[in-house]
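Data block below; observations after.
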Amino acid sequence: MNCNACQYCMPCPYGLDIPGIFAHYNKCINEGNITEDKGDPNYRRARRAFLVGYDRSVPRLRQAEQCIGCGHCVDACPQRINIPQQMRKIDRYAEKLRSGK
Ligand code: SF4
Ligand code: SF4
């Protein structure tokens, strides 16, 4: 995600920390900690790094699961990131890890 933390999309009326969520997700990508493959030898470490870091860097009430897709943020992003779509993607990933063990 090309989010540069410009904050133009903020505040989200539903309280999401949009740049904080992208910062965490991007950090995990850069550190090789995004995987859905339970057969991946790195899966347990990556799962823990994502979930622990997510709760530390973004409070639950400000995480991607709170996005209702209202679209308020969509035209604000100079990087043309489809924010609601990305929030759904990141939330699906987090939920999968939470239920995955
Ligand atoms: S679409 Fe989601 S992230 Fe964007 S303003 Fe609405 S609730 Fe917030
Ligand atoms: S407007 Fe776009 S680039 Fe700026 S903080 Fe929000 S998501 Fe990131």
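The values are calculated or read from the model by the stated rules, or taken from the named source; none is laboratory data. Just so we're clear, the structure is a prediction, and the values are computed from it rather than from any experiment. Positions of Cβ are backbone-derived with ideal geometry, glycine not excepted, and every protein chain shown enters the neighbour counts.
A few remarks follow.
- The stretch 28-42: number of residues that are closer than 19 Å to residue 92 by Cβ and surrounded by fewer than 16 Cβ atoms within 10 Å (Cβ to Cβ): 5
- Pairs where the first residue, in the stretch 65-81, is touching a residue at least 40 places away in the same chain (Cβ under 8 Å) and the second is in a loop (DSSP other than H, G, I, E, B) and of a type in the set (S, T, N, Q), C-beta under 6 Å, 6+ apart: 79/2
- Filtered residues of the stretch 50-75 (kept if among the small types (Gly, Ala, Ser) and either surrounded by 15 or more Cβ atoms within 10 Å (Cβ to Cβ) or more than 10 Å from ligand 1 (Cβ to nearest atom) (or both)): 53, 57, 64
- Selected residue (only one of 15, 53 is modelled with pLDDT of 95 or more, assigned to a loop (DSSP other than H, G, I, E, B) and away from ligand 2 (no atom under 13 Å from the Cβ)): 15
- Scope the stretch 1-12; condition modelled with pLDDT of 95 or more and over 12 Å from residue 62 (Cβ atoms); matching residues: 3, 4, 5, 6, 7, 8, 9
- Qualifying positions in the stretch 69-101 - outside any helix (DSSP H, G or I) and charged (D, E, K, R): 80, 101
- Every pair of residues 6+ apart whose Cβ atoms lie under 9 Å, when the first sits in the stretch 1-29 and is under 15 Å from residue 74 (Cα atoms) and of a type in the set (S, T, N, Q) while the second is within 11 Å of ligand 2 (Cβ to nearest atom) and not in a helix (DSSP H, G or I): 2/79; 2/80; 2/81
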